[in-house]
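Quick notes on the structure that follows.
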Amino acid sequence: MTPKELLRSWLERQLDPAALAWLDEATEKAAKEAGDKPLYLALGLAPRKLGKGDLTLGPEDLNDARSARADWDPRGWSVDQAARILLLLATGERQPERFPELLDQLCRTGDLGELVAFYRGLPLYSAQDKLVARAQEGARSNMRALFEAVAHRNPFPKEKFSEDAWNHLVLKALFVGSALHPIQGLDARANRHLARMMVDFAQERWAAGRDVSPELWRCVVPFADAELEKDLARALELGERGGAAGAALALSQRGDAAAERLLERAPDLAGKARRGALSWDALATA
Amino acid sequence: MTYIDPHIHMFSRTTDDYQAMAEAGIVAVIEPSFWIGQPRSYVGSYIDYLSTIVGWERFRAAQFGIRHYCTIGLNSKEANNEALAEEVMEILPRFAVKEGVVAIGEIGYDEQSELEDRYLRKQLELAKELDMLVQIHTPHRDKKSGTLRTMDVCEEHGLDPSKVVIDHNNEETVQEVLDRGYWAAFTIYPKTKMGSERMVEIVRHYGSERIMVDSSADWGVSDPLSVPKTAKLMETRGIAKADIERVTYWNALAAYGQSGQMSEDDWLNPPEVDQRTLYEGNSVLRGQAPKVKGESEGVEN
């Protein structure tokens, strides 16, 4: 099934018949009628008509999602978000040429709930190459929910962002207090420049007497040279303030002689990391 | 005590205000679309403004544990720019159905010009078409006749007075507004027009039914704590607690709650999905550690 068909089938399972009938009619109207007013109204009204409940998805649904679109991860979507994205997909099918411009226009007038939905839908729209600037605009937002709609569980950035844009996305996640582990492609797109940016950020935080996230070191360790190793040593010595648990986990995953030498500075954490008692997911929420 | 300020322009206020408001017990605010002081000369600036009050401002408020709602409309001053007004009317329906929009407003008269009258009527029709409440701004000059005229026009267009809030009332207008079945809102201005002292006497005289207090705080000299301060004054002047609660909380909720877009649960028991996207105030976010009070970092610029 296509993503659009999948969304429709998930919503059919969950919505009562009257709500589903409203959605079907609104989808048809938005795709067929001249002018954008029916689309604007349907997008705006979706939560009023359908509620904002969680979209209930089982492991099979998530498999179907991945088969319909590589790395599509709809975990955490709500019913109104799914419906809004379905409306966009239906409109995009009808007017593929116009879609990037239409999406820009919708984002200029969207409320926060709409914007989160529009950006979560990014990997599903056609003409992906023409949506990069829009995606980056979303990642520039200071509204965390909106930023995370682009950054988290979304394959778009790892596929389409340039290295500079990618690096700013990851750094910004730390900056606004978002977790790194839900960012797809975090390890595959790690790079030396990002490692340097991360360490600069850690030093800046330490200078201000503030903690750094343990997740930061995941992006640093693979590129740690003699210079960066000094900062890793400091992180281990600072304990919680340094995000030491993350440094230990990343070092134990690298596992070479230099990493083992550094780990001697924090034997407790090193032991935990070796026993498998540390994980990136758990560190982000600790 | 907890309070609702049903008329405040947070667009023009600082985070210090939000912090003080949250500490004073304000849990929800309604931000009417208004004139930002500098006239807008392009529909684009109007679009960006309306987008701000349905999006960014709501996010700012949520960071302080305050729920933010708004009303959407073309204000009376800018209704006098016909070219702009026509374009704004085109885009209003797009914003009127957004989440958390509780009414068409604030609309009404300023100079009571012909153009103001035309766009007031058009917007009353829009409210009817979309089955929405209306929030009325009554003029600061020639107030009494302007207020009566506004109610006449509402009735001419077949609006149900129980779905209309008439704002900026004073001793001269309140009786007729209540007699005709409308909600009567009172703006407490620190220096001019209506003060807390007079408000106490109004509640003593007219009771608390269908009366609400707001600050209308904006870019001018105004006080975002008008609602809690007036409540305190009422208390020291011997107004019954139930009446104070009605005029500073329950009536605003009852009036604007009719929109289906504002409910006590929004702040007492926010749904998880809202906590994910909007409300970061004092609640535990799913999958995240609770924030320690006073340690919220807010937005880093």
Inverse of mean 1/r across different Cα pairs in region B:140-222, Kirkwood, Å: 13.3
Qualifying trypsin sites (Lys or Arg not before Pro) in region B:169-218, DSSP loop, other Cβ atoms within 10 Å at most 14: B:191
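In deg cm²/dmol, rounded to 500, what helix-only [θ] at 222 nm does chain A give when every DSSP H run of at least 4 residues adds -39500 (n - 2.57) and the total is split over its residues?
On the way: 17 runs with 183 residues, N = 286.
Rounded to the nearest 500, the figure is -19000 deg cm²/dmol.
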Cα centroid separation, region A:70-116 to region B:34-54 (Å): 25
Residues B:9, A:152, sorted so that the one with the fewest Cβ neighbours within 10 Å comes first: A:152, B:9
Bins of 5 Å, starting at 0 and running to the largest distance - Cα pair percent for region B:3-277: 1, 6, 14, 18, 21, 18, 13, 7, 2, 0, 0
Fewest-first ranking of A:27, B:52, using other Cβ atoms within 10 Å as the exposure measure: B:52, A:27
Neighbour count of at most 15 Cβ within 10 Å plus DSSP loop: longest GluC sites (Glu not before Pro)-free window in chain B: B:1-110
Sites matching GluC sites (Glu not before Pro) across region A:193-273 that sit in DSSP coil, with at most 14 neighbouring C-beta atoms within 10 Å: A:264
Cα-Cα over 29 Å, subset of B:98/B:122; B:77/B:144; A:32/A:52; B:163/B:241; B:98/B:143; A:29/A:52: B:98/B:143
For region B:40-183: relative contact order, % (alpha-carbon pairs under 8 angstrom, 6 or more apart): 19
GluC sites (Glu not before Pro) lying in DSSP loop within region A:61-108, provided at most 11 other Cβ fall within 10 Å: A:97
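Once you have the alpha carbon radius of gyration of the protein assembly as shown, what is it after dividing by 2.2 N^0.38 Å, with N set to its residue count?
So the protein assembly as shown has a normalised radius of gyration of 1.08.
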Semi-axis lengths (Å, descending) of the ellipsoid that matches the C-alpha gyration tensor of region A:1-165: 23, 19, 15
Phi to ³J(HN,Hα) by Karplus 6.51 cos²θ - 1.76 cosθ + 1.60 over region A:65-79, Hz, x for Gly, Pro: 4, 5, 6, 6, 8, 3, 6, 5, 10, x, 4, x, 6, 10, 4
GNM flexibility winner over chain B from B:123, B:38, B:112 (Cα, springs under 10 Å): B:38
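How well do other chains shield peptide A:42-52, expressed as the mean number of their Cβ atoms within 10 Å of each residue Cβ?
Average per residue, whole number: 4.
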Residues B:40, A:75 arranged by fewest to most Cβ contacts within 10 Å: A:75, B:40
Charge dipole (the protein assembly as shown, unit charges on Cβ, about Cα centre) - positive-most of B:182, A:279, B:65: A:279
10 Å Cβ shell holding at most 16 others, DSSP loop, chymotrypsin sites (Phe, Trp or Tyr not before Pro): longest site-free stretch of chain B: B:43-218
Computed Kirkwood radius, in angstrom, where 1/r is averaged over Cα pairs of region A:190-286: 12.9
Over chain A, equivalent-ellipsoid semi-axes from the Cα gyration tensor in Å: 42, 19, 15
Peptide A:111-120 - average C-beta neighbours from other chains (10 Å radius): 5
Cα lying deepest toward the dipole's positive end in the protein assembly as shown, options A:166, A:22, A:39, charges on Cβ: A:166
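Laboratory data are not the source of any read-out in this text; all were calculated from the coordinates shown. Note that the coordinates shown come from a computational prediction; the quantities given were computed from them, not determined experimentally. Backbone-built Cβ (ideal geometry, glycine too); neighbour counts: all protein chains shown.
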